Amino acid sequence: MKFFLEVWRQKNAQSQGGLVRYEVVGISPEMSILETLDVLNEQLLEKGEEPIAFDSDCREGICGMCSLVINGYPHGPEKASTSCELRMRHFQDGQTIIIEPFRAKAFPIVRDLVVDRSAFDRVMAAGGFVSVNTGNAPDANCVLVPKDVADKAMDAAACIGCGACVAACPNAAAMLFVAAKISHLALMPQGAPERDARVLNMRAQMDKEGFGHCANEYACEAACPKEIKVSNIARLNREFLRAVVCSDK
Amino acid sequence: MSFLSRFYSSSLGRKFFVAGAGLSLCGFLVLHLSGNLLIFKGPGVFNHFAKTLDSNPFILPLELVLAGFFLLHIVIGLIVRYHNYQARPIGYAKYSVKGGRTWGSRTMTLTALIVLAFLIIHLKDFRFGDRSQGVYDLVVSCLKNPYYAIFYIIAMISLSLHLSHGFQSAFQTFGLNHPKYTPAVKKLGYLFAAVIGLGFASIPLWIMLGKIK
């Protein structure tokens with residue numbers, strides 16, 4: 001297959017970037033979009049040009065490292081998949097594909113398609129954890145969790161922190177990410193002791209990083225490769241209100 | 001007060017203010033519409049209703065509270081909008097994500113500004129206008145101007161669009177989202193938006209059609 005890729009090229013955080021058009025040939029339909037970029041990079045290297053910088057790691061949809069906004073969709077137009085899982089058979093031979101980096105003030109561009117998502121790490125460090133004394137493993141079933149609650153917590157815990165929700169949000173808000181982390185821990189008994197401090201601190205860090213406000217347009221849910229639901233955002237709002245009204249903090 | 005200012009300075013807190021004031025204003029719209037529709041009962045009933053309202057000593061303090069809700073909703077809403085613009089300094093060459101995006105949600109700021117412009121003109125002409133000949137005559141004489149009536153109708157379509165997203169969105173902001181009732185809340189929001197829009201727009205429409213003289 002043959003494709004025309006319009007890829008965002010930008011030397012570094014300070015420089016001005018722009019879309020550059022490339023032709024890439026010899027692509028098989030089962031290749032992923034990342035592998036297509038690999039092929040293009042080999043062609044660029046042969047010509048003595050700078051290869052395109054982009055993020056990837058596991059290439060099996062579980063690490064959250066790949067980013068890319070493909071034809072206007074974070075991780076591409078396919079439902080519940082990451083960029084590395086997006087196969088070229090979903091495109092037509094000879095199609096033009098626009099590839100841009102995630103766009104948000106809180107995710108500054110490092111180079112080409114690579115953005116710095118350490119804002120998420122700082123939000124997590126502000127409270128996205130439970131403090132436990134390490135030691136022997138506790139007895140099984142000594143902390144009871146109902147099955148339906150465990151399921152909800154597990155669904156929220158499926159978040160891989162890729163940032164597609166921020167990329168998709170018209171306001172570059174990080175609400176779905178923070179909501180997933182808050183929900184995951186707030187639903188479990190192990191998360192209860194730090195429940196109030198967690199939501200207040202993670203919220204504060206989220207704002208500090210410069211993410212936008214949620215406008216309840218649910219573009220995040222549509223883009224999420226792990227199908228995190230916006231009902232988690234409602235839970236985040238409840239948790240926040242509860243912490244503000246009921247806690248001493 | 002430090003608690004309130006801390007609450008306000010958070011992104012989630014600001015949204016609570018906008019949503020809370022917005023839902024309160026929905027209540028006001030119902031009251032306002034119920035009064036307006038008396039115009040179909042003729043000048044006697046309508047003018048009597050307006051006079052009764054004006055002679056109520058509690059109206060002024062209530063109007064001030066109402067103005068407060070409007071200011072909260074508009075000012076904090078615009079601040080939120082400003083922060084949102086700042087959160088993405090460089091936009092996409094191509095942006096395709098839809099999700100729950102509707103005509104209503106997409107045009108929230110535009111419809112807000114149209115309704116705000118309408119609100120200012122509306123207050124100048126009706127609340128602070130010359131009501132010596134009775135409010136009925138004032139309304140009819142203003143809306144006989146087809147440009148005025150069309151602007152009025154456009155503003156009401158904008159209000160309706162604004163409500164179609166705003167009503168249901170407020171529930172989500174308050175953390176009220178559950179498969180049990182969220183579908184009903186969404187339907188109620190659309191119904192409310194339609195009733196309010198059609199209700200208010202019916203008056204200039206009837207005057208344009210010459211049914212109210």
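For region B:13-50 and region B:164-199, what is the separation of their C-alpha centers, rounded to whole Å?
Distance between centres, Cα-based: 18 Å.
Going through the cross-link list A:Lys79/A:Lys147; A:Lys11/A:Lys105; A:Lys152/A:Lys226; A:Lys152/B:Lys186; A:Lys11/A:Lys47, which pairs have a Cα-Cα distance over 20 Å in this structure? Before the final figure, lay out each step's value.
On the way: A:Lys79/A:Lys147 27 Å; A:Lys11/A:Lys105 18 Å; A:Lys152/A:Lys226 13 Å; A:Lys152/B:Lys186 23 Å; A:Lys11/A:Lys47 18 Å.
Those over the limit are A:Lys79/A:Lys147; A:Lys152/B:Lys186.
What's the center-to-center distance, using Cα atoms, between region A:135-157 and region A:188-208 in Å?
What the calculation gives is 19 Å, centre to centre.
Where in region B:81-96 is the amide nitrogen less than 16 Å from a point lying 7 Å along the Cα-to-Cβ axis of B:Leu116?
Flagged as within label range: B:81-86.
Could you grab the relative contact order for chain A? Cα pairs under 8 Å, six or more apart, rounded to a whole percent.
Working: 448 pairs, mean separation 48.1, N = 249.
Relative contact order, chain A: 19 percent.
Could you tell me how many degrees, from 0 to 90 and to the nearest 10, lie between the Cα long axis of helix A:231-246 and the main elongation axis, the longest principal axis, of the Cα atoms of chain A?
Result, in degrees: 40.
Specify the residue with the greatest mean-square fluctuation among A:Cys66, A:Cys214, A:Cys84, computed from a Gaussian network of chain A linking alpha-carbon atoms under 10 Å apart.
Judging by the Gaussian network model, the answer is A:Cys214.
Nearest 500 deg cm²/dmol is fine: what mean residue ellipticity at 222 nm does chain B get from its DSSP H runs of n ≥ 4 alone, each adding -39,500 (n - 2.57), divided by its residue count? Each step should come with its number before you reach the end.
Working: 9 runs with 158 residues, N = 213.
The helix-only estimate for chain B comes to -25000 deg cm²/dmol at 222 nm.
If you line up the long axis of helix A:175-186 against the longest principal axis of chain A, both from Cα atoms, how many degrees apart are they, to the nearest 10?
Taking the Cα atoms of chain A, the angle to A:175-186 is about 40 degrees.
Cut-off 10 angstrom, C-alpha nodes, Gaussian network model of chain B. Which of B:Val115, B:Val97, B:Val185 fluctuates the most?
Result for chain B, Cα springs under 10 Å: B:Val97 fluctuates most.
For A:Asn133 and B:Leu198, what does the FRET efficiency come to when R0 = 56 Å and r is the distance between their Cβ atoms, rounded to the nearest 0.05? Please list the in-between numbers first.
Numbers: r = 63 Å, r/R0 = 1.13.
Taking R0 as 56 Å, the efficiency between A:Asn133 and B:Leu198 is 0.35.
Looking only at chymotrypsin sites (Phe, Trp or Tyr not before Pro) in DSSP loops with at most 14 other Cβ atoms within 10 Å, what is the longest site-free stretch of chain B?
Working: sites that count: B:Phe58, B:Phe128, B:Tyr181.
The longest such stretch corresponds to B:59-127.
Between A:Arg9 and A:Glu30, what FRET efficiency comes out of the Förster formula 1/(1 + (r/R0)^6) with R0 = 25 Å and r the beta carbon distance, rounded to 0.05? Could the numbers behind the result be given before it?
On the way: r = 27 Å, r/R0 = 1.09.
Working from the Cβ atoms, E equals 0.40.
Per DSSP H run of n ≥ 4, the term is -39500 (n - 2.57); total these for chain A, divide by its residue number, and report the mean residue ellipticity at 222 nm rounded to 500 deg cm²/dmol. Don't jump to the answer; show the numbers that get you there.
Numbers: 8 runs with 85 residues, N = 249.
Using -39500 (n - 2.57) per qualifying helix, the result is -10000 deg cm²/dmol.
Long-range amide H contacts for A:Tyr22: which residues qualify at under 5 Å (H placed 1.01 Å from N, peptide plane, sequence gap of 5 or more or a different chain)?
Hits under the 5 Å cutoff: A:Leu5, A:Glu6, A:Val7.
Please compute the modelled spin-label separation between B:Tyr8 and B:Lys213, points set 7 Å along Cα→Cβ, answer in nm with one decimal.
So the two model labels end up 5.3 nm from each other.
Which angle between 0 and 90 degrees, to the nearest 10, do you get for helix A:33-46 versus the longest principal axis of chain A when only C-alpha atoms count?
40 degrees
Of B:Ala93, B:Ala19, B:Ala149, which has the largest mean-square fluctuation in a 10 Å C-alpha GNM of chain B?
B:Ala93
Quick one: if the Förster radius is 30 Å, what FRET efficiency do B:Ile59 and B:Tyr147 give, using the C-beta to C-beta distance and rounding to 0.05? Could you put the intermediate results ahead of the total?
On the way: r = 31 Å, r/R0 = 1.02.
Between B:Ile59 and B:Tyr147 the formula returns 0.45.
A short reminder: the numbers here are calculations on the coordinates, not readings from a lab. What you see is a predicted model; the values in this text were computed from it and never measured. Cβ: placed from backbone, ideal geometry, glycine included. Neighbour counts: every protein chain shown.
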